[in-house]
Amino acid sequence: TGNGVFRPLIRATNVFLIFKNTFLCLNVSSIMLQEAKCAYIIIIMAVYWCTEVIPLAVTSLMPVVFFPLLGVQSSKSVCLQYLNDTNMLFVGGLIVAISVEQWNLHKRIALRVLLILGVKPALLMLGFMIVTAFLSMWISNTATTAMMVPIVQAVLDQMDNTEYDVTVMEQGTGQTNTVIELEEKNASDPTSVQVISNGQVPDDPRSSEEKTMRKRICKGMTLCVCYAASIGGTATLTGTGPNMVLKGQMNQLYPNNNDIVNFASWFGFAFPNMILMLVLAWLWLQCSFMGLNFKKSWGCGTERTAKEKAAYNVLKAEMKKLGPISYAEFNVLLMFVLLVLLWFSRHPGFVKGWATRLFPEGEKYITDSAPAVFIALLLFILPANKPKFIGWSPSMSDPEQAEEDIKKPFLSAPLLDWNVVQRKMPWSIVLLLGGGFALADASANSGLSAWLGHQMTPLGSIPPWAIATVLSLIITVFTECTSNVATATLFLPVFSSMAASVKIHPLYVMLPGTLSASFAFMLPVATPPNAIVFSYGHIRVLDMVRSGIVMNIIGVFCVTLAINTWGRPMFELDTFPAWANSTTNQ
């Protein structure tokens, strides 16, 4: 009720601030320099993005209005940024992801992997994390989490129900079988001894400890999903918004960068980082919520307990519901694999890619967006069911059936329908990316980037690794309360200017900044996967904050390690490339 009373007041304040800023902007436009005008709009947009006084996507449209009004850039130049090459790559990738979701292929992959890995507590958590991370590399983090959490919930519920049934059965027969407990009590535990001596089985303190342990396991199992979704999204260029922001900003700020950030190069850098983070996150969650008792958690050589059998049966039943793989699912899987192969083989770096071999000057003209949109087009053409070759061999034994078959169309409906795409496509992120690219373009052309670079020249005395680590920490904190894409959009142009002023490779600070924008682990509001997990009621904000602080430290450590080890030779981070002089010259 308190929120209901204050909501109109908050709304009125928001409207006042919006109009005040707008009119102030128009009044001061005549006395400002170009750089100052651009900076003013960026500051207003930053405030709106952080406070969300209006939707994020609507704030992203502000450059279309205010840059032309203030004379910073023409409408034509600004509007071109909203659907550029990077955004088309994002749209193409999303359409393929929507087709995977539409035909439940992601659920089949998830259940198959979980059944292979097994249902021992440690392996079950690792299975959930591997599946979630793999799927969020290709489809949105939010969709992956929304699909995985109900599976986790069903498994946990079934394990609890089985434990309750076995406990009731034991109390009826007067027998105790410690093998069926997920976490066995140590025989030397004083509370256990006291329970046995008193003989109070129904009300013993051990049962309350088991309940506490069950709650901790529930927390760990659900938290691992949202963390794995955020980590997995960093591994591919199209996996999450900030990665696309980096790709777009690099093309925007450094037009002659020789396509240094493409699908293959990003994957080569970010995938090992994702694996390292995933393992450390799993160890941390295992230690934090289940304890590092490997004998009990891994259960090497031991027989499956009743709870583990129940969990396995749940997964098996879910898999059975899906039935055998359909023609449509197989087609979507084929298209998905083909797209990944086209991305990797377009410009691998160590050999000539298909773009150069098959097309004259293909390397110059073809980018990652071309195969993405090509596969998206095929999804609207290929049929969802097998073509029916009835006309050549009609069934003579059943004339009615033969007539019915002839009436059926030769080709069925396509794999994907535009209405589905329109409903599921996150258009707000497309606009958010476009707004970011418009800001970056205006910053470079107005001279704001060059001015910022000059202000940061004193930072040249600090070691580059220290700069990168501090910037990663700043971004990690900032992204907890702001959209990941908005965070990357605001900070990456600043990092670019700073790199130019202190003469270090732009990617040396932009790569850690991009990855850190995805490390929103501490708050439910930080990112949609966190909010989905929080809504199930197993975890409190404090639980997420405690785990999230360590996760942020793990993330910054892994990113710092990545750019100082395998990242250096991959992107030649020890040099200051010739193409990086473009912003300083402007």
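The values are calculated or read from the model by the stated rules, or taken from the named source; none is laboratory data. Treat the numbers as computed from the prediction; the structure is a model and nothing was measured. Glycine also receives a Cβ, built like all others from the backbone with ideal geometry; neighbour counts cover every protein chain displayed. Just the protein is used for accessible areas: all its heavy atoms, side chains included, with ligands, DNA and RNA removed. Shrake-Rupley method; radii C 1.70, N 1.55, O 1.52, S 1.80 Å.
A quick yes/no check of all residues on (1) touching a residue at least 60 places away in the same chain (Cβ under 8 Å); (2) crowded, with 18+ Cβ neighbours inside 10 Å; (3) closer than 30 Å to residue 369 by Cα; (4) in contact with a Gly (Cβ under 9 Å, 6 or more places away or on another chain):
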residue: 92; (1), (2), (3), (4): yes, yes, yes, no
residue: 109; (1), (2), (3), (4): no, no, yes, no
residue: 132; (1), (2), (3), (4): yes, yes, yes, yes
residue: 138; (1), (2), (3), (4): yes, yes, yes, yes
residue: 155; (1), (2), (3), (4): yes, yes, no, no
**Asked** In region 420-477, which residues are within 18 Å of residue 498 (Cβ to Cβ), polar (S, T, N, Q) and within 19 Å of the chain's Cα centre (by Cα)?
**Response** 472, 476
**Filtered residue count, region 362-373, keeping only those that are at pLDDT 85 or above and either closer than 9 Å to residue 346 by Cβ or open to solvent by less than 100 Å² (accessible area, probe 1.4 Å) (or both)** = 8
**Fill in**
Here the residues within region 79-123 that are closer than 17 Å to residue 143 by Cα, in a loop (DSSP other than H, G, I, E, B) and in contact with a helix residue (DSSP H, G or I) (Cβ under 6 Å, 6 or more places away or on another chain) are 103
**Prompt:** Here is a list of conditions, (1) in contact (Cβ under 8 Å) with a residue 40 or more places away in the chain; (2) assigned to a helix (DSSP H, G or I), and residue 480 meets all of them except one; can you say which number that is?
**Reply:** (2)
**Asked** Which of the following residues is open to solvent by 30 Å² or more (accessible area, probe 1.4 Å), hydrophobic (A, V, I, L, M, F, W, C) and modelled with pLDDT of 90 or more: 294, 330, 359?
**Response** 330
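Consider residue 451 carefully, then state whether it is part of a helix (DSSP H, G or I), of a type in the set (Phe, Trp, Tyr) and at pLDDT 90 or above.
Numbers: part of a helix (DSSP H, G or I): yes; of a type in the set (Phe, Trp, Tyr): yes; at pLDDT 90 or above: no.
Judged against the criteria, residue 451 is not a match.
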**Request:** Please work out if residue 554 is within 23 Å of residue 139 (Cα to Cα), out of contact with any Lys or Arg (no Cβ under 6 Å at 6 or more places or on another chain) and part of a helix (DSSP H, G or I).
**Result:** no
**Prompt:** Taking residue 478, is it open to solvent by less than 10 Å² (accessible area, probe 1.4 Å), touching a helix residue (DSSP H, G or I) at 6+ places or on another chain (Cβ under 8 Å) and not small (Gly, Ala, Ser)?
**Reply:** no
**Asked** Only one of these conditions is not met by residue 533: (1) buried (at least 24 other Cβ atoms within 10 Å of the Cβ); (2) closer than 30 Å to residue 462 by Cβ; (3) touching a Cys at 6+ places or on another chain (Cβ under 9 Å); (4) modelled with pLDDT under 95. Which number is it?
**Response** (2)
